[in-house]
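Peer 1: What follows is a structure written as structure tokens; I'll ask about it next.
The values are calculated or read from the model by the stated rules, or taken from the named source; none is laboratory data. Note that the structure is a prediction, hence the values are computed from the model and not measured. Cβ: placed from backbone, ideal geometry, glycine included. Neighbour counts: every protein chain shown. Accessible surface is based on the protein model in full, side chains and every heavy atom, while ligands, DNA and RNA are left aside. Shrake-Rupley method; radii C 1.70, N 1.55, O 1.52, S 1.80 Å.
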Amino acid sequence: MKETASKHIESILKDYHWMINSIKILRDSMLDAGEGLTAQYDDEFAMPKAQGTTRDLVYKGTVRREKRYKKIAEYEEKVKLIQLLILLIEDDREGELLH
């Protein structure tokens, strides 16, 4: 059990800085919400649509953003875990390496 937990923490530590950067990039990419999602009204709009496909761009954008929010939350949980464990490090060298 301890070995599994330590491997999990080791994995998070390995990706710690990458996850922090990814959180920033994902949040920045979501600042332009709603731009270009207005449906087009032309000849293509009046044509029959294939069954089983969604043409609603707002819905697709919402689904995409929801996936990004979940990924951000997942990364934040892992980053918070490491930040809580930083307080337990007593060795100066290990603390500096982590920072």
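Peer 1: Looking only at the stretch 76-99, which residues are charged (D, E, K, R), outside any helix (DSSP H, G or I) and open to solvent by less than 80 Å² (accessible area, probe 1.4 Å)?
Peer 2: Of everything in the stretch 76-99, just one residue is charged (D, E, K, R), outside any helix (DSSP H, G or I) and open to solvent by less than 80 Å² (accessible area, probe 1.4 Å), namely 91.
Peer 1: Just need a number here: residues in the stretch 52-70 that are at pLDDT 80 or above and either charged (D, E, K, R) or touching a strand residue (DSSP E or B) at 6+ places or on another chain (Cβ under 7 Å) (or both).
Peer 2: Residues meeting the conditions: 7.
Peer 1: Could we say that residue 49 is at pLDDT below 80 and loosely packed, with under 10 Cβ neighbours inside 10 Å here?
Peer 2: Considered against the rule, which asks whether it is at pLDDT below 80 and loosely packed, with under 10 Cβ neighbours inside 10 Å, residue 49 comes out as no.
Peer 1: From 5, 33, 73, 39, grab the single residue that is part of a helix (DSSP H, G or I) and at pLDDT below 80.
Peer 2: 5
Peer 1: Mind listing just one residue for me: the one in the stretch 52-70 that is of a type in the set (Val, Ile, Thr) and not in a loop (DSSP other than H, G, I, E, B) and, of those, least open to solvent (accessible area, probe 1.4 Å)?
Peer 2: Applying the filter and picking the extreme gives 63.
Peer 1: Cβ-Cβ below 9 Å, separation at least six or inter-chain, first residue in the stretch 53-72 and under 19 Å from residue 23 (Cα atoms), second open to solvent by 80 Å² or more (accessible area, probe 1.4 Å) and in a helix (DSSP H, G or I): which pairs?
Peer 2: Partner pairs satisfying both residue conditions: 68/27; 72/27.
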